[in-house]
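Heads up, the thing below is written out as structure tokens.
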Amino acid sequence: MFKKMRDAQKLPMDNPDRKAMVDSTSTEYSKFLQQKYGMDPTMATLWVTKAKYQDAFIYGELARTTQNKDGSIHQETLADINQRNDNGWKMKTTFQYFYSNMDQIPEDFREKYQQDGNELYTDQQLVSAFIASFTNNGLNELYHGLLDRKLVISRDEAIEQLQASRPDLDIKSIVDEDKKWKDPQNPDATYKVSANDVLEFLYEENVGQAIVTGKNQTPDRVIPKIQHEIAVRDGVEATRSKDVVIVDMPASLRSVIDISKIEVTSKDIQGLVESVRNKQNSQEIQQHIDEVNKNSEGR
């Protein structure tokens, strides 16, 4: 049935019987999954849709066709689309947010994947199904809603904050594409790590914040660091500019002080750190004074 459905898809678009054959074989495949394996209808539909479109895109059997402004035709498979770092970051942060905050998935959707209160699918499968239930436009709206509420960080903002924290590195060049990193403990070994995974790792290690709210705060849903972090860390350090002096500063200030946009010296940084620290202290003291005055007035 899988082969029948895929063969129907490969028929020329102008074949008058194509749509009917694709629809009928898809329906037949979905019913089979429900009857033979007891799949929930929603999950069966997702399964068939993935088989019908995603797999075909990945293997280059189907391509999304768009017309450029100059009239030329541009085709790209799902594999091509997923190569774009912005799209990959959107999927990474959206998945991590809902995986870390399962209660944000509507209850009626979660109930579809339960039976008598017991989970029929893993949390990863449930989150994947939830994200897959959105159209492209719907997923974009969902992602930008998370951005607006500052529940996830955008790729551009992550790069900007990381660059401020590590002005000795050319962050954009480090995370512009997937790279192979050499293992310092094994000179013969190299590991290919995606640019987005490197950005996530460096951002969380240097800025000291997670890329999504709630990440790793639930023990049974911990998202691990990249597998080859030592290779990446050492590879990054090897590219560090020796001309920039890094001054250790409180973690709370790293995302506040943007020292990547100005020429600075070690003394300048120390002065800036001290200035921000004094400002924070004075604000805290004033807040305490205001609270005391307010309590006095209440009496």
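Could you tell me how many of the residues in the stretch 152-169 are within 17 Å of Gly88 (Cα to Cα) and touching a helix residue (DSSP H, G or I) at 6+ places or on another chain (Cβ under 8 Å)? Spell out the reasoning first.
Residues of the stretch 152-169 within 17 Å of Gly88 (Cα to Cα): 152-159.
Now narrow it down to the ones that are touching a helix residue (DSSP H, G or I) at 6+ places or on another chain (Cβ under 8 Å): 152-155, 158-159.
Within the stretch 152-169, residues that are within 17 Å of Gly88 (Cα to Cα) and touching a helix residue (DSSP H, G or I) at 6+ places or on another chain (Cβ under 8 Å) number 6.
Identify, from the list Lys225, Lys215, Lys172, Lys182, the residue that is part of a helix (DSSP H, G or I), of a type in the set (D, E, K, R) and touching a helix residue (DSSP H, G or I) at 6+ places or on another chain (Cβ under 7 Å).
Result of the check over Lys225, Lys215, Lys172, Lys182: Lys172.
Close Cβ contacts (under 7 Å, 6 or more residues apart or on different chains) running from residues in the stretch 220-241 that are without any contact (Cβ under 8 Å) to a residue 24 or more places away in the chain to residues that are part of a loop (DSSP other than H, G, I, E, B) comprise Val222/Asn216.
Read-outs throughout are calculated quantities, based only on the coordinates presented, and are distinct from any laboratory measurement. For clarity, every value in this text was computed on a predicted model and none was experimentally measured. FYI the Cβ positions are ideal-geometry reconstructions off the backbone, even for glycines, and counts take in every protein chain you see.
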